[in-house]
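Visitor: If you scroll down you'll find the structure; I have some questions about it.
The values are calculated or read from the model by the stated rules, or taken from the named source; none is laboratory data. Owing to the predicted nature of the structure, the values given are computational and were not obtained by experimental measurement. Neighbour counts run over all protein chains shown; Cβ positions are idealised from the backbone, glycine included. All accessible areas refer to the heavy atoms of the entire protein, side chains included, with ligands and DNA or RNA removed. Shrake-Rupley method; radii C 1.70, N 1.55, O 1.52, S 1.80 Å.
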Amino acid sequence: MKIYNTLNKRKEEFFPQSVGHVSMYVCGPTVYNLIHIGNARPMIVFDAFRRFLEYKGLEVNYVSNFTDVDDKIIKKALEEGVDPTVISERYIEECKKDMEALNVKPATVHPKATEEIPEMLALIDELVLKDHAYVAKDGTVYFRTRSFKEYGKLSHKNLDELEGGNRELLVSGEDQKEDPLDFVLWKPKKDGEPYWDSLYCQGRPGWHIECSAMSRKYLGTTIDIHAGGEDLIFPHHENEIAQSEACSGVTFARYWMHNAFLNIDNKKMSKSAGNFLVLRFFMLSAHYRSPLNFSDELMDAAKNSLDRIRTCVDKLQHAIDMSEGSMLARNEYSIIEGMTQFKMNFEEAMGDDNNTADAIAAIFDLVKYININMIEVSTKEGFKRMKEMLLMLCDILGLIVEKKPEVLDEDIEKLIEERQQARKDKNFAKADEIRNKLLEMGIILEDTREGVTWKKA
Ligand code: AMP
Ligand code: ZN
């Protein structure tokens, strides 16, 4: 299996450091608003890759954070006159709902920055002790960038070129940094801001230290894959490497994967983005390292393509319902066997740096093959095998192509009532069970202040 590693700017053979296990960290959103469809791109493309690794039998420890302490969150909290946690919790919930609708698997752990402050401070303490960081008069802690000799290795930037920009600040004394390249690890609170006690001052962490600390806590000092959007390469990921490696002395992340941007007009991930499952298909039809334009026309085209797969699945289901025979007929063996080629093409594409575009092409080749060869098949078993193969490949990409049986509103309401009763009875296992049952029916519950509402995924 190959991964394009931003660190070395080439595709490299991928092997996890511990056999059978993969540790993967994907930088998550800052939760000050609803996520926009650009944010959905890394969620979807790395989720597809994770599913493929799991399909290959690897156990993936997948960590994706929520950045829940940030200037924008604080600003919004002030505007609304509420505590910042009200804002962050609201948008974490919204983000989780969006992920569910996009069929993005929940991470093994979704750490929140505000709950990991001790780990961040521990890392900062170690950096200060090792002289990789220093404390300014007002209690700000800075990373001493030049003390990390390999700074720039991910973004392929040269330290002296980088230096240029902010030199005037140092000369005019407006900046308390030793060097313009130094960046903040910990900063003092301002009035009305959330803060934590520390050796340095009452304050809060810089953004970069959050990911270094959370990654270390949940995945260890060296992880297999670190991923995110390409805008994060510099300075965020470059700074993560500097902090983590200056502290541990060993490699922080062995493979760096970055998705290209989705070009959009800040379109929010609400209904305006159309059908979530079509959006997922649309994102996966392109290579994750290619820029992608979003438009309603392209979404329509994606819907039509996805419908071609769905129609094929429907046809197979119909044939299964109408036929008999639990064994393949003699002529069917070679037809079923013939599908292996498409599975191999699919796997080859996914194993070649998460090439979901080619993987989807392999699915379409399979659809075509099934459409042509279905006439030769007569047994239930034959149709079943065809459907299973098609669904299996779609499932690796997290594409849902099977129609759910129509559910009646009154059945849903009845289940919701049962769930409410179960919660009143403190039978949370039963309540969760009902929630999951509804989810399987494609119904997403929302607990709001006004009560429980529901929507179709
Ligand atoms: P942010 O909340 O801005 O830190 O972004 C969360 C994730 O979404 C990061 O991995 C970003 O790189 C990614 N991202 C943000 N905007 C886009 C976009 N337009 N296209 C693709 N990825 C994006
Ligand atoms: Zn990060």
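Visitor: Could you tell me which residue out of 107, 57, 183 lies farthest along the dipole of the stretch 2-259 toward its positive end? Charges go on the beta carbon: Lys and Arg +1, Asp and Glu -1, centred on the Cα centre.
Guide: Looking along the dipole axis, the top candidate is 57.
Visitor: At 1.4 Å probe size, with no ligands or nucleic acids counted, give the accessible surface of residue 415 in Å², nearest ten.
Guide: 20 Å²
Visitor: Still on this structure, please answer the following. Which percent of the accessible area of the chain is formed by carbon and sulfur heavy atoms (probe 1.4 angstrom)? Display every interim value, and only then the final one.
Guide: Numbers: 10990 of 21850 Å².
Here it works out to 50 percent.
Visitor: Quick one: length gained pulling residue 83 to residue 450 fully straight, 0.36 nm per residue minus the C-alpha distance?
Guide: Numbers: separation 367, 0.36 × 367 = 132.12 nm, distance 2.11 nm.
Gain on stretching residue 83 to residue 450: 130.0 nm.
Visitor: With +1 assigned to the C-beta of every Lys and Arg and -1 to the C-beta of every Asp and Glu, and no other charges, what is the dipole magnitude of the stretch 2-259 about the Cα centre in debye, to the nearest 20?
Guide: Working: 32 positive and 43 negative charges, 175 e Å.
Computed charge dipole of the stretch 2-259: roughly 840 debye.
Visitor: Modelled label-to-label distance, residue 125 and residue 275, 7 Å Cα→beta-carbon offset: nm?
Guide: The answer from the label model is 5.4 nm.
Visitor: If you place +1 on the Cβ of every Lys and Arg, -1 on the Cβ of every Asp and Glu, and leave all else neutral, what size is the dipole of the stretch 292-400 about its Cα centre, to the nearest 20 Debye? Before the final figure, lay out the partial values.
Guide: Details: 11 positive and 19 negative charges, 89 e Å.
Here the stretch 292-400 has a charge dipole of around 420 debye.
Visitor: Related question: Looking at the square roots a ≥ b ≥ c of the eigenvalues of the Cα gyration tensor of the stretch 2-259, which shape do they give, rounded for a/c under 1.5, prolate if a/b is larger than b/c, or oblate? Intermediate values should be presented prior to the final figure.
Guide: On the way: a/c = 1.81, a/b = 1.20, b/c = 1.50.
The shape class here is oblate.
Visitor: So if I restrict to the alpha-carbon atoms in the chain, what is the Rg, and what is Dmax, the biggest pairwise distance, in Å?
Guide: For the chain, the Cα radius of gyration and maximum Cα-Cα distance read 25.2, 86 Å.
Visitor: Report, to the nearest 10°, how far helix 84-101 tilts away from the longest principal axis of the Cα atoms in the chain, using its own Cα long axis and a range of 0 to 90°.
Guide: Relative to the chain, helix 84-101 is tipped by roughly 30 degrees.
Visitor: Consider a paramagnetic label point 7 Å from the Cα of residue 75 along Cα→Cβ; state which residues of the stretch 15-36 have an amide N under 17 Å from it.
Guide: 30-36
Visitor: A follow-up question, please. If the only charges are +1 at each Lys and Arg Cβ and -1 at each Asp and Glu Cβ, what is the size of the charge dipole of the chain around the Cα centre, to the nearest 20 debye? It would help to have the intermediate numbers written out before the result.
Guide: Details: 61 positive and 78 negative charges, 140 e Å.
It comes to approximately 680 debye.
Visitor: Once the piece of chain linking residue 138 and residue 410 is laid out straight, how much longer is it, given 0.36 nm per residue of separation minus the C-alpha distance between them? Walk me through the numbers on the way to the answer.
Guide: Working: separation 272, 0.36 × 272 = 97.92 nm, distance 6.22 nm.
Net length gain for the segment: 91.7 nm.
Visitor: Taking a probe of 1.4 Å, how large is the accessible area per residue of the chain, in Å²? If you can, show how the numbers build up before the last one.
Guide: Working: 21850 Å² over 457 residues.
It amounts to 48 Å² per residue over the chain.
Visitor: Another one. Go through the stretch 431-444 residue by residue and turn each phi into a ³J(HN,Hα) via Karplus (6.51, -1.76, 1.60, θ = phi - 60°); whole Hz please, and just put x for glycine and proline.
Guide: Karplus values, whole Hz, x for Gly and Pro: 4, 5, 4, 5, 4, 5, 4, 4, 4, 4, 7, x, 10, 9.
Visitor: May I pose another question? What accessible surface, in Å², does a 1.4 Å probe find on residue 333, ignoring ligands, DNA and RNA and rounding to the nearest 10?
Guide: Accessible area, nearest 10 Å²: 130 Å².
Visitor: OK, next. Is the C-alpha gyration tensor of the stretch 242-342 telling us rounded, prolate or oblate? Criteria: a/c under 1.5 is rounded; beyond that, a/b larger than b/c is prolate, otherwise oblate. Numbers along the way, then the final one.
Guide: Values: a/c = 3.44, a/b = 1.59, b/c = 2.17.
Oblate, since a/c reaches 1.5 and b/c is not below a/b.
Visitor: A further question follows. How many angstrom lie between the Cα centre of the stretch 365-380 and the Cα centre of the stretch 62-80?
Guide: Measuring centre to centre over Cα atoms gives 51 Å.
Visitor: While we're looking at this one, here's another question. Just to confirm the number: angle between the C-alpha axis of helix 207-219 and the first principal axis of the chain, 0 to 90 degrees, nearest 10?
Guide: For helix 207-219, the angle is close to 60 degrees.
Visitor: Give me the distance in nm between label points sitting 7 Å out from Cα along the Cα-to-Cβ direction at residue 153 and residue 231, one decimal.
Guide: The two pseudo-label positions are separated by 2.8 nm.
Visitor: Work out from phi, with θ = phi - 60° and the Karplus expression 6.51 cos²θ - 1.76 cosθ + 1.60, the ³J(HN,Hα) of each residue of the stretch 145-160, listed in order in whole Hz, and give x for Gly and Pro.
Guide: Calculated HN-Hα couplings, in order: 4, 5, 6, 9, 4, 8, 4, x, 5, 7, 8, 6, 10, 9, 3, 5 Hz.
Visitor: Any chance you could run the full-extension gain for residue 19 through residue 432? It's 0.36 nm times the residue separation minus the Cα-Cα distance, nm to one decimal. Could the numbers behind the result be given before it?
Guide: Working: separation 413, 0.36 × 413 = 148.68 nm, distance 3.46 nm.
Full extension of this stretch gives 145.2 nm more.
Visitor: Further question: Which is the longest part of the chain that has none of the trypsin sites (Lys or Arg not before Pro) sitting in a DSSP loop with at most 12 other Cβ atoms within 10 Å? Walk me through the numbers on the way to the answer.
Guide: Working: sites that count: 9, 137, 149, 190, 330, 403, 426, 449.
Longest stretch, sites excluded: 191-329.
Visitor: Return the FRET efficiency for the residue pair residue 221, residue 307: r is the Cβ-Cβ distance, R0 is 60 Å, and the value is rounded to the nearest 0.05.
Guide: Values: r = 47 Å, r/R0 = 0.79.
For residue 221 and residue 307, the calculated efficiency is 0.80.
Visitor: Give the long-range amide H neighbours of residue 25: residues separated by 5 or more places, or on another chain, with amide H under 5 Å away, using H modelled in the peptide plane at 1.01 Å from N.
Guide: 63, 225, 226, 227
Visitor: In addition: Residue 250 to residue 105: FRET efficiency via 1/(1 + (r/R0)^6), r the Cβ-Cβ distance, R0 22 Å, to the nearest 0.05? Walk me through the intermediate numbers first.
Guide: Details: r = 29 Å, r/R0 = 1.33.
Efficiency computed from Cβ-Cβ geometry: 0.15.
Visitor: Determine the shape class of the stretch 295-396: with a ≥ b ≥ c the square roots of the Cα gyration tensor eigenvalues, call it rounded for a/c under 1.5, and otherwise prolate if a/b is greater than b/c, oblate otherwise. Don't skip to the answer; put the middle values down first.
Guide: Details: a/c = 2.71, a/b = 1.52, b/c = 1.79.
Since a/c reaches 1.5 but b/c is at least a/b, the shape of the stretch 295-396 is classed as oblate.
Visitor: Further question: Cross-link list 384/430; 76/303; 303/414; 72/187; 56/384: which exceed 25 angstrom alpha carbon to alpha carbon?
Guide: Working: 384/430 33 Å; 76/303 36 Å; 303/414 32 Å; 72/187 16 Å; 56/384 23 Å.
Pairs exceeding the cut-off: 384/430; 76/303; 303/414.
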